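Here is the structure we will look at, set down as structure tokens.
The values are calculated or read from the model by the stated rules, or taken from the named source; none is laboratory data. None of the values given here were measured: they were computed from a predicted structure. Please note: Cβ atoms are built from the backbone with ideal geometry, for glycine as well, and neighbour counts cover all protein chains shown.
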Amino acid sequence: MLETGPPESSSDRWHAMSAGFLGWTLDAFDFFVVIFLFDTLAAHFHVPKRDIVLSVTATLMMRPVGALLFGMMADRYGRRRPLMVNVVYFAAVEVLCGFAPNFTVFFVLRMLFGIGMGGEWGVGASLAMEHAPVRWRGVLSGILQSGYSIGYLLAALAARVVLPNWGWRAMFWVGGIPALLALYIRTKVPESEAWQQHRVARTIDGPRIAWQHKWLALYMIVLMFLMNCLSHGTQDLYPDFLKHAHGIAPNTVAYITMFYNVGAVVGAIIFGLLSERIGRRYSMLAALGVALIVMPAWAFGSTLAILAIGAFVMQMGVQGAWGIIPVHLNELSPDAVRGLLPGFTYQIGILLASSTPTVEFALRDHLGYAWALTAFELVVIAALSIVLIFGAEQRGRSFVRQPVVVAA
């Protein structure tokens, strides 16, 4: 007979969801700080701007290392403890970036930050989704993933408030705040019942079990490669694009960035909710359709208002599709490796897509900035649509074994 713990309270679910959301929000903030400092860092370290762009690529490339390490720990030791270690680690590295004496040290620190960033998502998403009620998984997935956009928004706010008043180093020092999240996780967040039922006996068992599902893992990697091309291709260079292609002042760019990240949050919640009605894949396809329709305004808008609205709707579509990813990958994954497989395939996708800002920046010299972004995203959306049409999903599957009732 299967033993189960006491019924989970709504308070427990709220704390688990909050931990995943806050972890991803603060992680994203620490990543996007660099996006607003391309020119500032290049001037300070006396290097070409392309070297600062390359540091973003290096961060993305190191994320699979973190996903593997922290994912293996999450399937062996639970979701809570690895998540606490993770947030302290990436917060500490972020603070150290603010003390970097030269570009070489800064570059190495951004690589080390990538390990922490890669580890947070998989552990935080499995913790949140395993606590979420089945009927609310879609919308809660959207809320969880919107933490990425809120982190981007907070980075834009810091660029508007912190940067002009305290300088670029303070932008990174603010990134030490996530360390406080570890205290919240330690005192408030319960462990996952799903993990308790399916935990692996040894840390090394996770990769072995994942290999047994290699075709599923390959599908998830392809999906995440294209999804990361979609998001990073529309986000990482967009503030720089607004400044240099449209001549918009940096302060105004910061406001536009805040505005379109509100659109991202709205889209993640709307399409996450829609996925409970029409399925994960069809909801993602609908979100991609929104992004495709608004692309001319997003890249070629002739006025500030058109560009801002285009960016708002574009991120509604992009993050609308992304909002479904936490629940979709967790539902696809085998129970024993839910801490490892979603995060690892996500981050392998990041690794494969890590050159996205570099490629777009290079295409700019041949096609112009607007056409470089547009052409890249048209190819990505077409390929992603094909993968989703012929892909798989397991909407609504249970993560826990139900107790067996034995008749007297």
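Could you please find all residues in region 206-260 being of a type in the set (G, A, S) and assigned to a helix (DSSP H, G or I)?
If the condition is that a residue be of a type in the set (G, A, S) and assigned to a helix (DSSP H, G or I), then G206, A210, A217, S231, G233, A245, A254 are the ones that fit.
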Hits in region 242-267 - residues which are over 30 Å from S283 (Cβ atoms) and either of a type in the set (A, V, I, L, M) or surrounded by 23 or more Cβ atoms within 10 Å (Cβ to Cβ) (or both)
A245, I248, A249, V253, A254
Candidates P296, P239 - the one that is surrounded by fewer than 22 Cβ atoms within 10 Å (Cβ to Cβ) and under 21 Å from D365 (Cα atoms):
P296
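Being part of a helix (DSSP H, G or I), modelled with pLDDT under 85, more than 17 Å from A182 (Cα to Cα) and of a type in the set (V, I, T) narrows it down to one of V34, V53, so name that one. First the steps, then the outcome.
Working: V34 fails: modelled with pLDDT under 85.
After applying the criteria, what remains is V53.
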Condition check for L144: part of a helix (DSSP H, G or I), surrounded by 22 or more Cβ atoms within 10 Å (Cβ to Cβ) and in contact with a helix residue (DSSP H, G or I) (Cβ under 9 Å, 6 or more places away or on another chain):
yes
Looking only at helices (runs of 4 or more DSSP H) that lie completely in region 309-408, which have at least 3 residues being modelled with pLDDT of 90 or more?
325-332, 341-353, 369-389
The condition of being within 23 Å of the chain's Cα centre (by Cα), more than 19 Å from S126 (Cα to Cα) and modelled with pLDDT of 75 or more holds, among G167, G151, only for G151
